[in-house]
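Here's the structure we're looking at; comments come further down.
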Amino acid sequence: MPKIPGYEDDPLVNGAYLVDEPLFWASHLLQCTNGVEEPLCAGFGVSEADLLQLFERVSDERQWPVLTVPLSAGHLLHVVYRNLPGEHGFDYLLHHPVWKATVPLATVEGCFRGPGLCWPELLAVAHTVAEAGSAPRLDPHIFLLLLPIMSDAELPSDANDVLAAMLTACGATGETGALARILLEEQGCWGPQHWTLTPDGRISETRHAFRRPAAMSPGTLAQVSLLLGSGGNA
């Protein structure tokens with residue numbers, strides 16, 4: 001379990017064991033539907049009772065699952081299930097082992113902060129290099145892990161098909177096309193938002209975002225854009 005500044009006294013556990021459970025992804029994507037279960041139950045072919053049981057398991061105050069995405073040059077993107085009593089939330093953080101502090105990308109909770117990335121960045125981070133001689137592919141686990149902090153008002157025409165394929169790859173057996181449409185229409189806490197490309201990198205136009213000049217220095221904004229643009233392949 002990597003050490004994450006600010007969480008030294010918290011009961012962090014490696015959440016990698018969760019990624020092969022379709023119910024986990026249905027539960028994780030409750031962040032995208034503002035807690036509405038019905039479309040996720042229909043898309044994954046699961047019952048509401050089973051979905052909520054899994055959610056309660058990963059929300060246990062005694063252990064906080066952490067899922068980590070490797071980026072370039074040793075950087076990491078952590079997703080922390082922050083299971084404080086009465087203050088449950090999800091923290092999306094950039095870090096490097098030599099840093100003394102993390103860089104927050106987004107927080108999904110009652111007082112949300114975000115979005116954390118746009119559609120092209122989600123694709124870039126989720127792309128992995130397959131076996132030698134094979135073309136890069138999208139990692140469905142990384143894609144769905146970061147989907148809750150994606151917001152983009154300018155989605156490409158194939159976005160629905162891409163998301164439906166990622167849902168299927170993570171175990172969804174129901175109407176994945178319909179679920180994909182709902183997820184891309186709602187886009188979590190903030191809904192579809194615009195991004196601006198500046199000399200300091202991509203900047204969100206929503207006042208709740210960390211990725212804007214009032215919340216990040218120009219150097220940090222540029223570094224975040226570089227890390228998310230290159231994903232794990234640089």
Per the 1/(1 + (r/R0)^6) rule, R0 = 22 Å and r from the Cβ atoms of residue 87 and residue 16, FRET efficiency to 0.05 is 0.35
What length, rounded to one decimal in nm, is gained on full extension from residue 135 through to residue 60, with 0.36 nm per residue of separation minus their alpha-carbon distance?
-> 23.0 nm
Checking 206, 198, 168 against a Gaussian network model of the chain (alpha-carbon springs below 10 Å), the top fluctuating residue turns out to be 198
So what J values fall out for segment 197-203 if you push phi through Karplus, 6.51 cos²θ - 1.76 cosθ + 1.60 with θ = phi - 60°, rounded to Hz, Gly and Pro as x?
-> 8, 10, x, 8, x, 6, 10
The answer for segment 80-234, accessible area per residue at 1.4 Å probe in Å², is 44 Å²
Which ³J(HN,Hα) values, rounded to whole Hz and listed in residue order, are derived for segment 14-26 from phi using the Karplus coefficients 6.51, -1.76 and 1.60 in 6.51 cos²θ - 1.76 cosθ + 1.60 with θ = phi - 60°, glycine and proline given as x?
-> 5, x, 4, 5, 7, 5, 8, 9, x, 4, 4, 5, 4
What per residue convex hull volume, in Å³, comes out for segment 12-111 when only alpha-carbon positions are used?
-> 116 Å³
If you project the alpha carbons of segment 77-152 onto their three principal axes, what span does each projection cover, largest first, in Å?
-> 49, 31, 20
Helical mean residue ellipticity (222 nm; -39500 (n - 2.57) per DSSP H run of 4+; nearest 500) of the chain = -9000 deg cm²/dmol
Given backbone amide H placed at 1.01 Å from N, residues whose amide H is under 5 Å from that of residue 201, ignoring those fewer than 5 places away on the same chain, are none
In segment 184-234, what is the volume of the convex hull around the alpha carbon atoms, normalised per residue and reported in Å³?
-> 91 Å³
With at most 10 neighbouring Cβ atoms within 10 Å, loop GluC sites (Glu not before Pro) (DSSP) excluded, longest segment of the chain | 9-130
Most fluctuating residue given options 164, 135, 101, as computed from a GNM of the chain linking Cα atoms under 10 Å | 135
Qualifying trypsin sites (Lys or Arg not before Pro) for segment 67-145 [loop in DSSP, other Cβ within 10 Å: at most 13] = 100
Ratio of the Cα radius of gyration of the chain to 2.2 N^0.38 Å, where N counts its residues | 0.96
In nm, to one decimal, how far is the residue 215 label point from the residue 48 one, both placed 7 Å along Cα→Cβ?
-> 3.2 nm
Report the accessible area of residue 55, computed with a 1.4 Å probe over the heavy atoms of all protein chains in place, in Å² rounded to the nearest 10.
-> 60 Å²
With Cβ to Cβ distances under 10 Å as the rule, what net charge do the other residues near residue 221 carry (K, R +1; D, E -1)?
-> +2
For the chain, averaging the sequence separation of alpha carbon pairs under 8 Å that lie six or more residues apart and dividing by its residue count, the contact order in percent is 22 percent
Given the Cα-Cα distance of residue 100 and residue 194 and 0.36 nm per residue of separation, how much length would full extension add, in nm?
-> 30.7 nm
Most mobile listed residue (148, 140, 213) in the chain, GNM with C-alpha springs under 10 Å = 213
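The values are calculated or read from the model by the stated rules, or taken from the named source; none is laboratory data. Because the structure is predicted, anything quoted here is derived from the model rather than measured. All Cβ positions, glycine included, derive from the backbone under ideal geometry; neighbour counts span all protein chains shown. Keep in mind that these areas ignore ligands, DNA and RNA; they rest on the heavy atoms of the full protein, side chains included. Shrake-Rupley method; radii C 1.70, N 1.55, O 1.52, S 1.80 Å.
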